[in-house]
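Just below is one structure, and these are the notes that go with it.
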Amino acid sequence: MEQAVHDRGGWPTDAPIDRHEHELADWELLTDAIVDALERSGAMNVDELRRGIESMSPTEYERASYYERWLYSAESILTEKGVLAPGEVDRRLAG
Amino acid sequence: MSHHDHDHSHEPVAADEPPAGARARALEELLVEKGAIDRDDVRHRIDWLVSRSPADGARLVARAWVDPAFKERLLVDARAAALEVGLDPGPSPLVVALENTDAVHHVVVCTLCSCYPKALLGPPPDWYKSLPYRSRAVSDPRGVLGEFGLTLDEDVEVRVVDSTADIRYLVIPRRPGGTEGMREEELAALVTRDSMIGVSRAGPPLLFKS
């Protein structure tokens, strides 16, 4: 079976480890906090967060930054559960 | 009501913010309007997250160095040991402390994602979440440690532990030599974030001499 994109252990790579320190940006803290609040309100849980991340396309998974994956997952899981209507975040951004 | 007349003011946004920033704010706005989350809860979590630091984990390690009975309790049940000294061990059901010795060296990774004892160490460094670290910590741990400037003797066994949402790990690094007379608080200052992930050693004993 082909190794899924999130399953990185032993994935062949010579890429160096970027060891730059990075303080979390406001939107990254906000994304973490939204997901945490959703978990505490019972709207979604950590396993669903992971399922949402792991169902990203391999190309998108590798392109996205860490909290972009969280954001993608929260949106897709909440849409699946009917908390958000399809495309609702896009419409809010366009509005 | 339209979203233009909601009852909070927009905070200034960093100039270099990626599109995901606006997306996160739109998501928060929608979820608050729907009552799925509470805005104060979100603010509180941000405050909590920026208040976590490796200094908390360092307190556990320093206590373990000076108090063998506490070290045993930490190794048996790190959650309970953290609570014992008044620290928040976080939501993970199991926090496991692993002791580095002159024979065994532990390194922590999360190959599947980024599980990490945030409550005790603060948010994980970016490299911990990076794809190359998650890949190579498993296939070439000594090479990875070398990139962090840590070379271990060949006869030291390297154990790589893979975190999950249910089990998170905290490494107890070796106590540096020359620290015999130091107090617990002084020792805690030697315990770095990276040493508790297992990619570096604790110390050195005196970085600044007065």
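Using C-alpha pairs under 8 Å with a sequence gap of at least 6, the mean separation divided by the residue count of chain A gives a relative contact order of 27 percent. Dimensions of segment A:26-94 from C-alpha coordinates, computed as largest minus smallest value along each principal axis and given longest first, are 30, 27, 25 Å.
To test your reading of the geometry: what angle, between 0 and 90 degrees and rounded to tens, separates the Cα axis of helix B:54-66 from the longest principal axis of chain B? Helix B:54-66 sits roughly 20 degrees off the main axis of chain B. When B:PHE70, B:PHE148 are compared by accessible surface with a 1.4 Å probe, the order from highest to lowest is B:PHE148, B:PHE70.
Partnerless cysteines in the protein assembly as shown, where a partner means another cysteine C-beta under 4.7 angstrom, comprise B:CYS113.
Here the spin labels are modelled as points 7 Å beyond Cα on the Cα-Cβ line, and at B:GLU184 and B:ASP40 they lie 3.6 nm apart. Mean partner shielding of peptide B:132-140, defined as the number of other chain Cβ atoms within 10 Å of each residue Cβ, is 6.
Answer with one residue from B:ALA64, B:LEU150, B:MET196: the one whose Cα lies farthest towards the positive end of the charge dipole of chain B, charges on Cβ with Lys, Arg +1 and Asp, Glu -1. Toward the positive end, the furthest listed residue is B:LEU150.
Peptides B:20-27, B:139-146, B:58-65 ranked from most to least packed by the mean count of surrounding Cβ atoms within 10 Å: B:58-65, B:20-27, B:139-146. What you get for segment B:1-146, charging only the Cβ of Lys and Arg (+1) and of Asp and Glu (-1), is a dipole of about 620 debye around the Cα centre.
Across peptide B:13-22, the mean count of Cβ atoms from other chains lying within 10 Å of each residue's own Cβ comes to 4. If you model segment B:53-197 as an ellipsoid using its alpha carbon gyration tensor, with each semi-axis the square root of five times an eigenvalue, the axes come out at 23, 19, 13 Å, biggest first.
Helix A:66-80 against the longest principal axis of chain A: what's the angle in degrees, Cα atoms only, rounded to the nearest 10? Once rounded, one gets 40 degrees. Working note: Debye formula, equal point scatterers on the alpha-carbon atoms of the protein assembly as shown, no solvent; log10 I(q)/I(0) at q = 0.07 Å⁻¹ is -0.31. Label separation (B:ASP77 vs B:ILE167): 1.8 nm, computed from points 7 Å beyond Cα along the C-beta direction. Normalising the average separation of contacting C-alpha pairs (under 8 angstrom, six or more residues apart) by the number of residues puts the relative contact order of segment B:53-197 at 34 percent.
Size of segment B:45-85 from its Cα atoms: along the principal axes, largest to smallest, the extents are 35, 16, 12 Å. What you get for segment A:26-94, charging only the Cβ of Lys and Arg (+1) and of Asp and Glu (-1), is a dipole of about 180 debye around the Cα centre.
The values are calculated or read from the model by the stated rules, or taken from the named source; none is laboratory data. Note that the coordinates shown come from a computational prediction; the quantities given were computed from them, not determined experimentally. Glycine gets a Cβ as well: all are built from the backbone with ideal geometry, and neighbour counts include every protein chain shown. We work out accessible area using only protein heavy atoms, side chains counted, and drop any ligands, DNA or RNA first. Shrake-Rupley method; radii C 1.70, N 1.55, O 1.52, S 1.80 Å.
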